[in-house]
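See structure below.
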Amino acid sequence: MLRDKYCAEVKEEEVGKEIKLCGWVFRRRDHGGLIFVDLRDRSGIMQIVFSPEISKETHEKAHELRTEYVISIIGTLRRRPEGTENPEIPTGNLELYAKELEILSQSKPLPFQIDETEEISELLRLKHRYLDLRRPQMQQNFLVRHRATMAIRNFLNDNGFLEIETPMLTKSTPEGARDFLVPSRLNPGTFYALPQSPQLFKQILMMSGFDRYFQIVRCFRDEDLRADRQPEFTQIDMEMSFIEIQDIIDVIEEMLFNCFKKVLDIELSIPFKKLTYDEAINKYGSDKPDLRFGLEIEDVTALVKRSQFKIFLETIEKGGVVKAITGKGFASFSRGEIDKLVQKAQSFGAKGLAWIKIKNGFESPILKFFSEELIKEIAQKIKAEEGDMILFIADELKKANEILGKLRLDIANTSKIERKGFQFAWIIDFPLFEWDDEEKRFVSMHHPFTSPKEEDLDTLLNISPEAFKNPLSPLKEIKAKAYDIVLNGYELGGGSIRIHRADVQEKIFKVLGLVEEETKKRFGFFIEALKYGAPPHGGIALGLDRLVMLMTGADSLRDVIAFPKTQKAYCPLSEAPSEIDTKQLKELHIKLDV
RNA sequence: GGGGUGGUAGUUCAGCACGGUUAGAACGCUUGCCUGUCACGCAAGAGGCCGCGGGUUCAAGUCCCGUCCACCCCGCCA
């Protein structure tokens, strides 16, 4: 070993001993006479002192040191002289008096300082990711990521789960996200797809009798990126046999409890809250509500019926609703600020935004249409108080919820409502299907292998083909044995009890409008497998990156993925994707058309 | 595909509304001084295709059009 230990592992008991340390020059303070260097490794910092009284030669050499040089030091550990301790760092009572200095590696002047005093553009950080990752905050993020992963892996191992790998070169499937494709050289004109998830394979593992499977696995989706979406990401993928929804919920709650306890020493309160999909949508306007604050959306249709406001009455007449939310502290808004708010609502799809200020009485352009009594009742319903503003959206139910859901998050941001802690929730009772207006057919809300709820099974099996094309058919009422887990407004994961009957599975494909031939081509192997004794089974997948992002308080997935991509799915470090040789293209029988 | 914000020394930013001398600051870098600093201090210095292309103008970092890149959001995506 080139060193005895990590910088921050040096303890006071070793004062007087000779110690060898290695690391990077974090900061140097050259006084001419004395030179101080903060030596950094992944554990922390140790102050090195170069004094001509210890070694003239070493002191001389230390003048050459620059930021991020990699050095090795042999020196004597000393307690710092009284009054010169640094309480800011864990090793602040100690320092190493350098006898010998070896420069192991030099560094050019840095493209940016790595001392976290200013925010550096992400492009530059990613281009020099090796420097960015040296920053203590990033080191911390990846320590948390490692610990969380290990806690989860150990937990699952302790609970009888087998980690089994599934193929990366697999088959493209319709439905769901766009695939990343890989051309097959040995089979000209054909392509593998990188997995969007190991869905079919993990189900087949259940049919293979493994009973409890997990995998911490990379998944790929070729869709547009967001702060919480990368083209490749890691899932904690699980599947279990002979279980019901509650069994999965129990395992995951215990797993997360264990993970938060071990990594952050936080005791989550389990069981987590359960909300039905309908409740979530109606109260929070989202199927991934942020439950760290209230500001619930309320239906005030019945109340505003008593008003004279035409727009509301007409909307209700047409079967729509009027829903309201509190603009916390918004009564102080100027006319201009209100205009901006209205514009924002419109950008969320609202036709308009009606408002009533509660400020020494009420203030609103539509005040004359409401009795004072009525406004008070509405205010009470949405818990609006003096200083707040009542915000109304009148529209069809789905749109009203959606718009108010977005406004709710926006209000929380602008009024700086405190959002702390980790608020988990399960969203259950999802619809099995969702009408796709573009394709004029039903699509799976979760995925096509999701089991309907028992009580809806007959409806599904007996439904006639005409219903497949009718957005109002009973199909839209069928509920799925699907569940999402939500944390602080992020969808952390989702899963379902799967279909283990070939007839049910085939019926689903029919509803989805997949012709038999197509089904056979795409999923034939899977349906065939279902016919040889498939156990009832179900599972879930959690986004590891998102989990770690929330655990570390990072605001982007990019801060918890070592080598992430930009919004255009570009890697500034390796410069992927890139053009390739014509020779390679020829081997693959691919001609470009760009 | 659409909307928004940004792009000026190595870095983070100011300058742009109202076009006009030699484009500034801080940090970093270089050199010198400094024996208890810890974001050390002091002094001097180097460092700019004002993202790129076009246009308007006597004159463009500043105005207009286009384009590229980064970030945030919608669509898309579990």
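To keep it simple, each residue is scored yes or no on (1) hydrophobic (A, V, I, L, M, F, W, C); (2) in a loop (DSSP other than H, G, I, E, B); (3) near RNA strand B (Cβ under 9 Å from one of its atoms); (4) at negative phi.
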{"residue": "A:PRO81", "(1), (2), (3), (4)": "no, yes, yes, yes"}
{"residue": "A:PHE112", "(1), (2), (3), (4)": "yes, yes, yes, yes"}
{"residue": "A:LEU143", "(1), (2), (3), (4)": "yes, no, no, yes"}
{"residue": "A:ARG147", "(1), (2), (3), (4)": "no, no, no, yes"}
{"residue": "A:ALA151", "(1), (2), (3), (4)": "yes, no, no, yes"}
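In this structure, is A:ASN470 more than 16 Å from RNA strand B (Cβ to nearest atom), open to solvent by 40 Å² or more (accessible area, probe 1.4 Å) and either modelled with pLDDT of 90 or more or in contact with a strand residue (DSSP E or B) (Cβ under 6 Å, 6 or more places away or on another chain) (or both)? For A:ASN470, the condition - more than 16 Å from RNA strand B (Cβ to nearest atom), open to solvent by 40 Å² or more (accessible area, probe 1.4 Å) and either modelled with pLDDT of 90 or more or in contact with a strand residue (DSSP E or B) (Cβ under 6 Å, 6 or more places away or on another chain) (or both) - is not met.
Against the list (1) under 47 Å from the mean Cα position of the chain (by Cα); (2) of a type in the set (Asp, Glu); (3) more than 10 Å from RNA strand B (Cβ to nearest atom); (4) open to solvent by 20 Å² or more (accessible area, probe 1.4 Å), the condition A:ASP41 fails is (4). If the condition is being touching a residue at least 40 places away in the same chain (Cβ under 8 Å) and farther than 18 Å from A:ILE417 by Cα, then the range A:286-309 contributes A:SER286, A:ASP287, A:LYS288, A:GLU298, A:VAL300, A:LEU303, A:VAL304, A:ARG306, A:SER307, A:GLN308, A:PHE309.
Within the range A:264-285, residues that are touching a residue at least 12 places away in the same chain (Cβ under 8 Å) and surrounded by fewer than 20 Cβ atoms within 10 Å (Cβ to Cβ) reach partners that are part of a loop (DSSP other than H, G, I, E, B) and of a type outside the set (A, V, I, L, M, F, W, C) with beta carbons closer than 8 Å, at six or more positions or on different chains, in the pairs A:LYS273/A:GLN423; A:THR276/A:ASP429; A:TYR277/A:ASP287; A:TYR277/A:ASP429; A:ASP278/A:ASP429. Within the range A:216-240, the set of residues being open to solvent by 10 Å² or more (accessible area, probe 1.4 Å) and in contact with a helix residue (DSSP H, G or I) (Cβ under 8 Å, 6 or more places away or on another chain) comprises A:ILE216, A:ALA227, A:ASP228, A:ARG229, A:GLN230, A:PHE233, A:THR234, A:GLN235.
Regarding A:ARG135, is this residue closer than 29 Å to A:ASP559 by Cα, surrounded by 16 or more Cβ atoms within 10 Å (Cβ to Cβ) and either within 9 Å of RNA strand B (Cβ to nearest atom) or touching a residue at least 12 places away in the same chain (Cβ under 8 Å) (or both)? Spelling it out, A:ARG135 is indeed closer than 29 Å to A:ASP559 by Cα, surrounded by 16 or more Cβ atoms within 10 Å (Cβ to Cβ) and either within 9 Å of RNA strand B (Cβ to nearest atom) or touching a residue at least 12 places away in the same chain (Cβ under 8 Å) (or both). The listed residues are A:PRO183, A:PRO167, and the only one of them that is touching a residue at least 60 places away in the same chain (Cβ under 8 Å) and either away from RNA strand B (no atom under 15 Å from the Cβ) or surrounded by 14 or more Cβ atoms within 10 Å (Cβ to Cβ) (or both) turns out to be A:PRO183. Cβ separations smaller than 6 Å between residues 6+ apart or across chains give the following pairs from the range A:211-232 residues that are touching a residue at least 60 places away in the same chain (Cβ under 8 Å) and small (Gly, Ala, Ser) to residues that are assigned to a loop (DSSP other than H, G, I, E, B) and surrounded by fewer than 17 Cβ atoms within 10 Å (Cβ to Cβ): A:ALA227/A:SER556.
When the range A:112-127 is limited to residues that are surrounded by 11 or more Cβ atoms within 10 Å (Cβ to Cβ) and not hydrophobic (A, V, I, L, M, F, W, C), the one that is nearest to A:TYR570 (Cα to Cα) turns out to be A:LYS127.
Each residue in the range A:301-329 was checked for being part of a helix (DSSP H, G or I) and either touching an Asp or Glu at 6+ places or on another chain (Cβ under 6 Å) or not aromatic (Phe, Trp, Tyr) (or both), and 11 pass.
A:LEU34 passes every criterion in (1) open to solvent by 10 Å² or more (accessible area, probe 1.4 Å); (2) hydrophobic (A, V, I, L, M, F, W, C); (3) more than 8 Å from RNA strand B (Cβ to nearest atom) apart from (3). For the range A:45-63, a residue qualifies if it is open to solvent by less than 20 Å² (accessible area, probe 1.4 Å) and not aromatic (Phe, Trp, Tyr), and the qualifying residues are A:MET46, A:GLN47, A:ILE48, A:VAL49, A:SER51, A:THR58, A:HIS59, A:ALA62.
Just checking, which of A:SER556, A:SER578, A:SER496, A:SER574 is under 18 Å from A:ARG221 (Cβ atoms) and either within 16 Å of RNA strand B (Cβ to nearest atom) or free of Cβ contacts under 8 Å to residues at least 40 places away in the same chain (or both)? Just one listed residue meets the conditions, A:SER556. All conditions but one from (1) closer than 25 Å to A:HIS146 by Cβ; (2) surrounded by fewer than 22 Cβ atoms within 10 Å (Cβ to Cβ); (3) within 16 Å of RNA strand B (Cβ to nearest atom) apply to A:MET551; the one that does not is (3).
The values are calculated or read from the model by the stated rules, or taken from the named source; none is laboratory data. Computed from a predicted structure; not experimentally measured. So basically every Cβ, Gly included, is an ideal-geometry build from the backbone, and we count neighbours across all protein chains shown. Ligands, DNA and RNA are excluded from the accessible area calculation, which covers all protein heavy atoms including side chains. Shrake-Rupley method; radii C 1.70, N 1.55, O 1.52, S 1.80 Å.
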